[in-house]
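Asker: The structure that follows is given in the form of C-alpha cells.
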Amino acid sequence: MTPGRDGIVIALGAIPNTGKTTLFNRLTGSSQSTGNWPGVSIERKSGHFTLGEYPIELVDLPGAYSLSPVTEEERVVRDFFLRTPPDLVLNVLDARNLYRGLGLTLQLAMSGLPMVVAVNMIDEARRQGAEPDLEILSSHLGVPAVAVSARTGEGIPELKQALYRLIRNPVQARPPHIACPAVLEEAVKALSREIERTAPDSRFQPNFLAMRLLEEKGASVPPPAPALRQAARSWGERVEQATGQPLPILCAGCRFNAARGLALEATRRSPPLPDRLSERLDRILLHRWLGLPLFLLVMLLLFQGIYGLGTPLQAWLGHWFDDGGAWLRLQPALTALPGWARSFLLDGIWQGVGVVASFFPVIALFFVFMSLIEDSGYMARAAFLMDRLMHRLGLDGKAFISLLLGYGCNVPAVMGTRILSSRHSRVLTMLLIPFSLCSARLQVFVFLSGILFGAALAPWILFGLYLGSFAAILVMGLLLRPWQQVLGEPEPFIMEIPPYRLPTLRSIALRTGQELKDFLYRAATLIVAGVILVWILTHFPTGVAPASAESWAGRLGQTLAPLFHPIGIQWQETVALLFGFIAKEIVIGALAVIYGGADLQRQIATHITPLQGLGFMVFTLLYTPCIATLAAIRAESRSWRITGLGLLLGLVSAWLASLLLYRAGLLLGFS
Amino acid sequence: MTESDLFLPGSICILHSLGDDRQVARRLAQMGILPGSRLRIVRAAPLGGTLEVASDQGELFALRREEMAGLDCRLVAAPLTSPAIRPGQTCTVLSLEGGRAFRQRMTEKSLRPGSRIRIGEPGTHGLLVSDAATGATIALGRGEAARIIVGLTPGGTPE
Ligand SMILES: Nc1nc2c(ncn2[C@@H]2O[C@H](COP(=O)(O)OP(=O)(O)OP(=O)(O)O)[C@@H](O)[C@H]2O)c(=O)[nH]1
C-alpha cells in the first residue's frame, strides 16, 4: 500500500459498547484531533500513530450496528465507507459476546476491503472461561483476528503487527460467503453481474454492493445508475413477495444466522453467560422501590461533587482575575496608555479571558464525574429509570441527567448533551437547559429577594422561582415537540444495557483533558468576543461614564424602554441585563455601577418595587443563556440556527412571562 | 387487558415477526434480535412504561412497552399473575425467580421447577392453586405468585 496525503487511513468501526473508544485511545495516545463530519453535528475523531515506516491516520467512526443506517450516526458511517473507502478497516468485537458484533463484522468482511478484527475484552472473557478460538474466527471471516484487551494493553503489539503486515502485503481478502434464501441469492447474483459490467474497478466486491442495493431498496450511496436502481427495485419486490419479509430484516437474518453458527463454533458455547455481578447490582440499583431513591442519591452526590467542589474554585479563579486586573491597572506600562485602551485591555479582554478560565474547574469536574457514571455502566440504568418521565417531552431518560446538571451550570451541561443518543434529543435538551436556574442566577435572586422581600419571604420567592424554572422546561419541551424537522428525526429508543465495569483513571483523564481543550478551541473566541461587544456598548462613545445614560448601552436601554415598560423594567435594569449576557451574576455588580452611589441595597429598594423586582427576576431567569452557554450550544449543535433559536426562545418567553406576572400583579393591587 | 399487560417481569416470549417495517424493527434486526429469538422480560422500570429485556444471545436492552407490544412475540412462559393464565388450567412450574429463602419457602409448599399445578380462583390476597397430582391446595400471596414462572403453549395459553 502507498500512503496518501494523511498516511494510511485506517477506519475503526464497531457496534457500540465494544471498547472502541478505549482501543482508539490505546493506539493513538493523546495525539487526537476532533472535528465534525460534513454537514452533521456528529463528532469526527481522528488520531495519528506510526506502524514501522508508515504514518497512520486512525479515524474513529461512530458506533453502528450495520451499514444499513437507522440512526444519523449510522448514516455517517455508511457514507464514509462507501464514498471514501479507507485503506484498511479495523473492526472490534466483544470477546464475551461475539454474536452481537458479528453481524457488522460479516458485512464489513464481505465488502472486500482489507480488514483486521480486534477481539477485545479478552481479559474479561478469560475470567469467564469463554476465550474464543481466533483461528476458527479468522478462517471463516477470511481476515486476521487478534485477541486484545484495550484496557490492559494486552495484545496491542500483536494487533499492530497484524495491521503492519497487511499494509506491507495487502493480500486480497477472501470475503466470507453467507447462506441466504434462494431467491435472495439469485437476486444478488443478477445484480452483481450488472455491477461488474458497469463498474468493474470498484474496490468493493460486487455481491457486497448488490446486497447493499437490495437492502436499501436502491437508495444506496453513491447513487447507482438509474438502470441499476430500477433492477434493484424490481428484484427487491420479487424477493419480498417470495419470502414475505422486508428485505432489511431478511438480509440481517442471513448475516445473523451465519453469526450464530460462527459464534457457537468459535466459543463452543452458547449462549454467553450473563454477568453475575451486574445481575446482583441491578437487583438493588433497579429495584422497584429502592431504584429511584438510590438514583436521586447518586444525582445528589454527582451534583455535590461537581458544584460543591467546582463553584468555590470558580469563585476563587474569579477573584484571582479581579485582583490580577486591579494589579495590572497600576502597572506603569498600562497607566501610560490612554484611558479607553486601558479599559479595553482590562474590562474587555482581561475580563473575557477571566470568564473563559472561570469555567475550567466546573467543566473538568463535570467530565470527571460524568465519565465515572458513564464508564461504570450506571448511565444506561439511570436512563432506564427516568425514561417514562422524559418520554413525555420527546426525550429519552439520559436527558434527565443533562437537565438536572444544568441547575449547577448550563455550560458543562450543554457540553454533556453529547452523551445523548440522537441528534434530536441532543438539540432539544440543549435548548431546554438554559431555562434551568443555575448557580449564577441564584446569586442574583438571593441578593434581590433578600432586599425586596425580607428574610422571611425570600426563601419562598426562591422556591417559586425554582418551580417557575421547572415549569418553563416542561412548557418549552411540550411546545418544541412539533418542531421535529429542525431538531432532527426522533430515533427509536432501544438502549443496550452494558455490564458494570470499574472505570479507569486513564480514560477519565483523557476524556476530561479533551473536553477542556475542545471548550478552549470552540467556545473561547465567541465568549471573549461577546464580552468585548458588551464592553464597546457600555464604554462608547468615548468620554461618557461607563454604562451611563449617554453610553450606547444607556441609549439602547432608553430606546428599548417602550418594550420593557409594560413589564415594569426601567432602562437602568435593561443595561444591567445586557451585562448579564456576559455572566448572570454580573447583573448585581452592573446595577451598582449604573445606579452609582455607595449603598446599593438602598438604591435598589428605592428604585425597584417588589413587584417590579419579581418581574425582573423572572426575566433574568429566562431571558437568554449567558454568552458562554450560547457558545457551548453553538459548539455542540454546530448550527447558528439552533443557537439563534435558543436566544429567541429565551427572550420571547422571558418577556411574556414577565408581562403576565407584572400585569396580573398590578391587577391584583400589588405594586 | 391490553396487549402490553402480557409482558410481566419473568415472562418469556418467542419472536415470530418484527411487525411492520418500522425503525424499531430494523434496529432490532441489526442488533441480531430476529424471528426465532427468545426474549425474557427482566424487569419493568419503577415508573412503568419501559422494560428491560434479555435476548437468548445474552444481550440486555431497554425497550418501551408500546414498542414491545408492536412485535409479534408469543408468550411461552409467564408468572402466575399473568392475565394469560385462567382458573381451571393446568401448567408446569418452570422456574422460581427469587432468592434462596423464597425457593426454600416454595419447596416447603412442595412447589419446585417441574411441579404441575392447577390454577384455582384468585382470592383477595393472592391465588389458590392445587397440586395437579395430589390435589392438595396451596395458597400463594400475590408477591409469591408473581415470582413463579410457568410454561405456556406457544399460543399463549397454559399447556
Ligand atoms: N475489561 C475490559 N474492559 C474494557 C476493555 N476495553 C474497554 N473496556 C471497558 O468497556 C467500557 C466501554 O468502553 P468504550 O471504549 O467507551 O466503548 P465504545 O465501544 O467506545 O462504546 P461507545 O462509546 O458507547 O460506542 C469502558 O468502561 C471500558 O473501560 C477491555 O479490553 N477489557
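The values are calculated or read from the model by the stated rules, or taken from the named source; none is laboratory data. Since the structure is predicted, the reported quantities are computational estimates derived from the model, not experimental observations. No Cβ is skipped: glycine too gets one built from the backbone with ideal geometry, and neighbour counts run over all protein chains shown. All accessible areas refer to the heavy atoms of the entire protein, side chains included, with ligands and DNA or RNA removed. Shrake-Rupley method; radii C 1.70, N 1.55, O 1.52, S 1.80 Å.
Asker: From zero outward in steps of 5 Å, how is the percent of C-alpha pairs of the range B:80-151 spread across the bins?
Answerer: With 5 Å bins starting at 0, P(r) equals 4, 18, 33, 30, 13, 2.
Asker: Let me ask something additional. Where the centre of each part is set by its Cα atoms, how far does the range A:614-671 sit from the range A:530-595, in angstrom?
Answerer: Value for the Cα centre distance between the two parts: 17 Å.
Asker: I would also like to ask the following. Springs between alpha-carbon pairs under 10 angstrom, Gaussian network model over chain B: which of B:92, B:107, B:137 fluctuates most?
Answerer: Result for chain B, Cα springs under 10 Å: B:107 fluctuates most.
Asker: Would you list which aspartates and glutamates come within 20 Å of residue A:189, measuring only between C-alpha atoms, while excluding same-chain residues fewer than 8 positions from it?
Answerer: Within the straight-line cut-off, residue A:189 pairs with A:201, A:215, A:216, A:237, A:240.
Asker: Could you tell me how many cubic angstrom of Cα convex hull volume chain B has per residue?
Answerer: Numbers: hull volume 18.5 nm³, N = 159.
Hull volume normalised by residue count: 116 Å³.
Asker: Moving on. Ordered by packing density, taken as the mean number of other Cβ atoms within 10 Å over each peptide's residues, highest first, how do A:17-28, A:406-417 rank? Walk me through the numbers before you get to the answer.
Answerer: Values: A:17-28: 22.0, A:406-417: 26.6.
Ranking, from highest mean packing down: A:406-417, A:17-28.
Asker: Still on this structure, please answer the following. Evaluate the distance, in nm, between pseudo-label points positioned 7 Å from the Cα of residue A:196 and of residue A:545 along their respective Cα→Cβ axes.
Answerer: Rounded to a tenth, the inter-label distance reads 8.8 nm.
Asker: Residue A:158 to residue A:186: extension gain in nm, 0.36 nm per residue of separation minus the Cα-Cα distance?
Answerer: Values: separation 28, 0.36 × 28 = 10.08 nm, distance 4.04 nm.
Full extension from residue A:158 to residue A:186 adds 6.0 nm.
Asker: If you don't mind, there's one more thing I want to ask. Over the range B:80-151, what is the relative contact order in percent, taking alpha-carbon pairs closer than 8 angstrom and at least six residues apart? All intermediate terms of the calculation are to be shown ahead of the outcome.
Answerer: Details: 125 pairs, mean separation 28.2, N = 72.
Over the range B:80-151, the number comes to 39 percent.
Asker: Compute the normalised compactness of the range A:515-671: alpha-carbon radius of gyration over 2.2 N^0.38 Å, N being the residue count. Walk me through the numbers before you get to the answer.
Answerer: Values: Rg = 16.6 Å, N = 157, 2.2 N^0.38 = 15.0 Å.
Cα-based Rg divided by the globular estimate yields 1.10.
Asker: Can you work out the accessible area per residue across the range B:80-151, with the rest of the protein chains kept in place, probe 1.4 Å, in square angstrom? Provide the component values of the computation, followed by the final result.
Answerer: Values: 3800 Å² over 72 residues.
Accessible surface, normalised per residue, equals 53 Å².
Asker: Which pairs in the list A:45/A:517; A:398/A:584; A:45/A:217 are over 21 Å apart, alpha-carbon to alpha-carbon?
Answerer: Details: A:45/A:517 14 Å; A:398/A:584 27 Å; A:45/A:217 31 Å.
In this structure, A:398/A:584; A:45/A:217 exceed 21 Å between Cα atoms.
Asker: At each listed q (0.13, 0.18, 0.21 Å⁻¹), what is the log10 of I(q)/I(0) that the Debye formula gives for the range A:8-168 modelled as equal alpha-carbon point scatterers?
Answerer: -0.56, -1.12, -1.55
Asker: Using protein chains only (no ligands, no nucleic acids) and a 1.4 Å probe, work out which residues of the range A:369-418 have their accessible area cut by at least 20 Å² relative to the chain alone.
Answerer: In the range A:369-418, residues shielded by partner chains: A:384, A:385, A:387, A:388, A:391.
Asker: List, in order, the whole-Hz ³J(HN,Hα) value for each residue of the range B:65-72 obtained from phi through the Karplus relation with A = 6.51, B = -1.76, C = 1.60 and θ = phi - 60°; use x for Gly and Pro.
Answerer: For the range B:65-72, the Karplus-derived couplings read 4, 5, 5, 4, 5, x, 8, 8 Hz, x marking Gly and Pro.
Asker: Based on a Kirkwood Rh over C-alpha pairs, give the Stokes-Einstein translational diffusion coefficient of the range A:182-267 at 25 °C and viscosity 0.890 mPa s in µm²/s.
Answerer: My calculation gives 183 µm²/s for D.
Asker: Describe numerically, in nm with one decimal, the distance between label points set 7 Å from Cα along Cα→Cβ at residue B:47 and at residue A:474.
Answerer: 1.2
Asker: What percentage of the solvent-accessible surface of the range B:80-151, computed with a 1.4 Å probe over protein heavy atoms, is contributed by carbon and sulfur atoms? Walk me through the numbers before you get to the answer.
Answerer: Values: 1970 of 3800 Å².
Roughly 52 percent, rounded to a whole number.
Asker: Sort by residue number and report every cysteine in chain B with no other cysteine beta carbon within a distance under 4.7 Å.
Answerer: Among the cysteines of chain B, those whose Cβ sits 4.7 Å or more from every other are B:91.
Asker: So, one more: Give me the net charge for the shell around residue A:283: Cβ to Cβ below 14 angstrom, other residues only, Lys and Arg +1, Asp and Glu -1. Could you put the intermediate results ahead of the total?
Answerer: On the way: positive: A:276, A:280, A:288, A:381, B:43, B:100, B:147; negative: A:275, A:279, A:282, B:52, B:97.
Cβ neighbours under 14 Å give a net charge of +2.
Asker: Please find the FRET efficiency linking residue A:303 to residue A:389, where r is the Cβ-Cβ separation and R0 is fixed at 30 Å, and quote it to the nearest 0.05. List each step's numbers first, then the result.
Answerer: Working: r = 18 Å, r/R0 = 0.59.
Efficiency at R0 = 30 Å is approximately 0.95.
Asker: Whose amide H sits under 5 Å from the amide H of residue B:89, counting only residues 5 or more places off or on another chain, with H placed in the peptide plane?
Answerer: B:119
Asker: Using the Karplus curve 6.51 cos²θ - 1.76 cosθ + 1.60 with θ = phi - 60°, work out ³J(HN,Hα) for each residue of the range B:96-105 in order, rounded to whole Hz, and write x for Gly and Pro.
Answerer: 10, 8, x, x, 5, 4, 5, 5, 4, 4
Asker: Can I ask one more? For the range A:421-460, report the convex hull volume of the alpha-carbon atoms normalised per residue, in Å³, without decimals. It would help to have the intermediate numbers written out before the result.
Answerer: Details: hull volume 3.0 nm³, N = 40.
Here the figure is 76 Å³ per residue.
Asker: Carbon and sulfur: what percent of the range A:8-168's accessible surface (1.4 Å probe)? Walk me through the intermediate numbers first.
Answerer: On the way: 2350 of 4860 Å².
Carbon with sulfur: 48 percent of the solvent-accessible area.
Asker: Quick test of your reading: applying the under-4.7 Å Cβ rule, which cysteines of chain A are isolated?
Answerer: A:251, A:409, A:438, A:626
Asker: Label the range A:213-358 by shape, choosing from rounded, prolate and oblate, from the square roots a ≥ b ≥ c of the eigenvalues of the Cα gyration tensor; if a/c is under 1.5 it is rounded, and otherwise prolate applies when a/b is larger than b/c, oblate when it is not. Intermediate values should be presented prior to the final figure.
Answerer: Working: a/c = 4.53, a/b = 1.85, b/c = 2.45.
Oblate.
Asker: Among rounded, prolate and oblate, which fits the range B:3-76 when a ≥ b ≥ c are the square roots of the eigenvalues of its C-alpha gyration tensor, a/c under 1.5 means rounded, and a/b larger than b/c means prolate?
Answerer: Numbers: a/c = 1.42, a/b = 1.31, b/c = 1.09.
The shape class here is rounded.
Asker: To the nearest 20 debye, what is the magnitude of the charge dipole of the range A:8-168 about its Cα centre, counting +1 on the Cβ of each Lys and Arg and -1 on the Cβ of each Asp and Glu?
Answerer: Numbers: 15 positive and 17 negative charges, 15 e Å.
In total the dipole reaches around 80 debye.
Asker: To the nearest 20 Debye, how big is the dipole of the range A:182-267 about its Cα centre, given +1 on the beta carbon of each Lys and Arg and -1 on that of each Asp and Glu?
Answerer: On the way: 11 positive and 10 negative charges, 23 e Å.
Result for the range A:182-267 is approximately 120 debye, rounded to the nearest 20.
Asker: In square angstrom and rounded to 100, what buried accessible area do you get between chains B and A, total over both, with the probe at 1.4 Å?
Answerer: Working: alone 8520 and 29820 Å², together 34810 Å².
Accessible area lost upon association: around 3500 Å².
Asker: Please report how far the C-alpha centroid of the range A:358-417 lies from that of the range B:55-119, rounded to the nearest whole angstrom.
Answerer: With the range A:358-417 and the range B:55-119 each reduced to a Cα centre, they are spaced 36 Å.
Asker: How much net charge surrounds residue A:154 when only other residues with a Cβ under 14 Å from its Cβ are counted (Lys, Arg +1; Asp, Glu -1)?
Answerer: On the way: positive: A:26, A:126, A:127, A:151, A:160; negative: A:123, A:124, A:131, A:158.
It works out to a net charge of +1.
Asker: Moving to a separate point now. Among all the lysines, which ones have a C-alpha under 16 Å from residue A:160's C-alpha, if same-chain residues fewer than 8 places away are not counted?
Answerer: A:20
Asker: At 0.36 nm per residue, minus the direct Cα-Cα distance, what do residue A:326 and residue A:229 gain on full extension? Give it in nm, one decimal, please.
Answerer: On the way: separation 97, 0.36 × 97 = 34.92 nm, distance 7.08 nm.
My answer for the length gained is 27.8 nm.
Asker: Let me ask another. For a bin width of 10 Å, list the pair-distance distribution of the protein assembly as shown built from all Cα-Cα distances, rounded to whole %.
Answerer: 2, 11, 19, 21, 17, 14, 10, 5, 1, 0, 0
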